[in-house]
Amino acid sequence: MQLYLWINIFMVMLAMALVFALKLPLFKNYFALIPALIIPAVFFIVIEGFFTRWSLCGLHGQYLLGFYWLGLPIEQMAFYFSMPLLSLATYEAVDKLLHKDVLRLFTKAITVFLLLLTIILFFV
């Protein structure tokens, strides 16, 4: 059973359902969407590649298709594209349903907090 593949497919289908059901303009801004998907994915794929090579992490082969690229399962790479897509679709859906950006005032504070937390966790 390719559980990880099904999880990725489900995330993409859920994102597409949100986009089409709520008529979200997610793909209208493809010039911003493409870098928003590719840059974090490449960053995390490189990090995951190092961690896998150093045997710090890995996925159970029972739940994989068995196709690897750069030492990583295809499902893991797909996850780094499907999760940001679902996150962006969810954000756009909440923004449309609430009719205003409720976090707009706190965006910089949240970003700084998450950045500092990430740096601290990296060194810990």
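The values are calculated or read from the model by the stated rules, or taken from the named source; none is laboratory data. Here the structure is a predicted model, which means the values were calculated and not measured. Positions of Cβ are generated from backbone atoms using ideal geometry, with glycine treated the same way; all protein chains shown enter the neighbour counts. SASA here: full protein model, heavy atoms, side chains in, ligands and nucleic acids out. Shrake-Rupley method; radii C 1.70, N 1.55, O 1.52, S 1.80 Å.
Remarks
- The set of residues in the stretch 60-77 being open to solvent by 80 Å² or more (accessible area, probe 1.4 Å) and touching a strand residue (DSSP E or B) at 6+ places or on another chain (Cβ under 8 Å) consists of 67 alone.
- Restricting the first member to the stretch 40-52 and to residues that are under 13 Å from residue 81 (Cβ atoms), and the second to residues that are part of a helix (DSSP H, G or I) and open to solvent by 40 Å² or more (accessible area, probe 1.4 Å), the beta-carbon pairs closer than 6 Å and six or more apart or on different chains are 41/81.
- Taken as a whole, the structure places residue 80 among residues that are among the hydroxyl-bearing types (Ser, Thr, Tyr), touching a Phe, Trp or Tyr at 6+ places or on another chain (Cβ under 9 Å) and either free of Cβ contacts under 8 Å to residues at least 12 places away in the same chain or crowded, with 18+ Cβ neighbours inside 10 Å (or both).
- Per-region count, the stretch 83-111, residues surrounded by 10 or more Cβ atoms within 10 Å (Cβ to Cβ) and either among the small types (Gly, Ala, Ser) or within 24 Å of residue 34 (Cα to Cα) (or both): 20
- Residue 117, sole failed condition from (1) under 28 Å from residue 2 (Cβ atoms); (2) within 19 Å of the chain's Cα centre (by Cα): (1)
- Boolean, residue 25 is open to solvent by less than 50 Å² (accessible area, probe 1.4 Å), of a type outside the set (A, V, I, L, M, F, W, C) and touching a residue at least 24 places away in the same chain (Cβ under 8 Å): no
- Residue satisfying condition, being among the aliphatic types (A, V, I, L, M), modelled with pLDDT of 80 or more and within 22 Å of residue 24 (Cβ to Cβ), within set 117, 85, 103, 121: 85
- Qualifying residue in the stretch 31-47 (condition: more than 25 Å from residue 94 (Cβ to Cβ), modelled with pLDDT of 85 or more and surrounded by 15 or more Cβ atoms within 10 Å (Cβ to Cβ)): yes
- Odd one out for residue 71, checked against (1) over 28 Å from residue 22 (Cα atoms); (2) out of contact with any Ser or Thr (no Cβ under 6 Å at 6 or more places or on another chain): (2)
- Test: residue 124 is at negative phi, open to solvent by less than 80 Å² (accessible area, probe 1.4 Å) and without any contact (Cβ under 8 Å) to a residue 60 or more places away in the chain: no
- For the stretch 83-98, the set of residues classified as of a type in the set (Val, Ile, Thr) and in contact (Cβ under 8 Å) with a residue 40 or more places away in the chain consists of 90 only.
- For residue 24, the conditions (1) modelled with pLDDT of 85 or more; (2) under 15 Å from the mean Cα position of the chain (by Cα); (3) not basic (Lys, Arg) are fulfilled apart from (2).
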